[in-house]
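The values are calculated or read from the model by the stated rules, or taken from the named source; none is laboratory data. Fair warning: this is a prediction, and the values are worked out from it, not measured in the lab. All Cβ positions, even for glycine, are placed from backbone atoms using ideal geometry, and neighbour counts span all protein chains on display. With ligands, DNA and RNA removed, areas are computed over all heavy atoms of the protein, side chains included. Shrake-Rupley method; radii C 1.70, N 1.55, O 1.52, S 1.80 Å.
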Amino acid sequence: VTENAATNAGTDGSITVCDNGAAIDLFAQLGGTPQGGGTWSGPSAVVGGQYDPATMTPGAYVYTVTGVAPCTNATATVTVTENAATNAGTDGSITVCDNGASVDLFVQLGGTPQAGGTWSGPSAVVGGQYDPATMTPGAYSYTVIGVAPCTNATATVTVTENAATNAGTDGSITVCDNGASVDLFVQLGGTPQAGGTWSGPSAVVGGQYDPATMTPGAYSYTVIGVAPCTNATATVTVTENAATNAGTDGSI
């Protein structure tokens, strides 16, 4: 009597992988004490006993060890399940004006981010919106929760906030046509920023209105905004009254 040893392919196993994960060794997923030297078959061709999520199709992969007659072949199966990786898109950035409208942070992300993630950052994010009036600029992270073994995906939108320019509020002044020069800037209301430029019926030199040489009317003060903030403008309206004339002294 000659007795040949039965082959052993181990016991069935299973594994769940992420579709963007690293290659895994199928042999290590078998249970029991499988013999080496067997062959793999399944939905995709198996090279080196590895399952690569990037190129292969999930499903049942069968490991077969050939038996020495009259022993039959031994077979065991590793079932591979593949979960889709989450996608939070790619990092983005936006510059807003501190008096501007709310912006949708999601549309600032690059790539093809999945909806349904959550935002975190220097301020609490409500409805995915950044409101310059109430929120602090900085890095806002968008996170999409991964289905194990896929990890969470995160991308960041960096918000920069530029200060709005302030030209003050409109003002007015009435001067006499033979009066002294007046400083137009001090006629503005509010808290105008310095460094703006004047335009009007006459050229303005040094921010002064000189009744002797200039034409009354609306003089506009403009402060240039840093994009995306717009320019700010306020107007001083100058009214000029004619000086009275009593003539000159005489005698008789």
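Based on Cα contacts under 8 Å between residues 6+ apart, region 1-141 shows a relative contact order of 23 percent. Taking 7 Å steps out from each Cα toward its Cβ at residue 197 and residue 2 produces label points 10.5 nm apart. Its relative contact order, with pairs defined as Cα atoms under 8 Å and 6+ residues apart, puts the chain at 15 percent.
Residues in region 139-147 carry Karplus couplings, in order, of 8, 10, 9, 10, 10, 10, 6, x, 8 Hz; the curve used is 6.51 cos²θ - 1.76 cosθ + 1.60 with θ = phi - 60°, and Gly or Pro positions show x. By the Cβ distance rule (another cysteine Cβ under 4.7 Å), the unpaired cysteines of the chain are 71, 176. Amide H contacts for residue 117 (H built 1.01 Å from N in the peptide plane; partners 5 or more residues away or on another chain; cut-off under 5 Å): none found. Amide H contacts of residue 85 (H built 1.01 Å from N, in plane; Pro and chain starts excluded): 19, 20 sit under 5 Å, all sequence-distant by 5 or more or on other chains.
Distances between placed amide hydrogens fall under 5 Å for residue 237 paired with 171, 172, 173, 219, all partners being 5 or more residues away or on another chain. Each DSSP beta bridge with both residues in region 107-252 is either parallel or antiparallel, and the antiparallel ones are about 80%.
Accessible surface comparison of 248, 143, 233, probe 1.4 Å, protein chains only, largest first: the order is 248, 233, 143. Across region 114-194, the relative contact order, built from alpha-carbon pairs under 8 Å that are at least six residues apart, equals 23 percent. Backbone phi angles across region 27-42, fed through the Karplus curve with coefficients 6.51, -1.76 and 1.60 (θ = phi - 60°), yield HN-Hα couplings of 4, 5, 8, 6, x, x, 10, x, 7, x, x, x, 10, 10, 9, x Hz in residue order; Gly and Pro are listed as x. Along region 62-69 the Karplus relation, 6.51 cos²θ - 1.76 cosθ + 1.60 evaluated at θ = phi - 60°, assigns HN-Hα couplings of 9, 9, 10, 10, 6, x, 8, 3 Hz to successive residues, with x for each Gly and Pro.
Spatial offset of region 103-129 relative to region 42-69 amounts to 41 Å, using the alpha carbon center of each.
Note on the chain: dipole from Cβ charges, positive end direction compared against 248, 144, 26; the farthest Cα belongs to 26. Of (1) 1.53; (2) 0.95; (3) 1.12, which is the value of Rg/Rh (Cα atoms, Kirkwood Rh) derived from the coordinates here? Evaluating Rg/Rh (Cα atoms, Kirkwood Rh) on these atoms matches (1). Treating r as the C-beta distance of residue 176 and residue 252 and R0 as 45 Å, the FRET efficiency rounds to 0.90. Estimated at 0.36 nm per residue, the fully extended path between residue 205 and residue 47 surpasses their Cα-Cα distance by 48.6 nm. Taking Cβ atoms as reference points and 10 Å as the exclusive limit, the residues near residue 179 contribute a net charge of -3, counting Lys and Arg as +1 and Asp and Glu as -1. Residues of region 94-110 falling in the label zone of residue 129, defined by backbone nitrogen less than 12 Å from a point 7 Å along Cα to beta-carbon, are 101-105.
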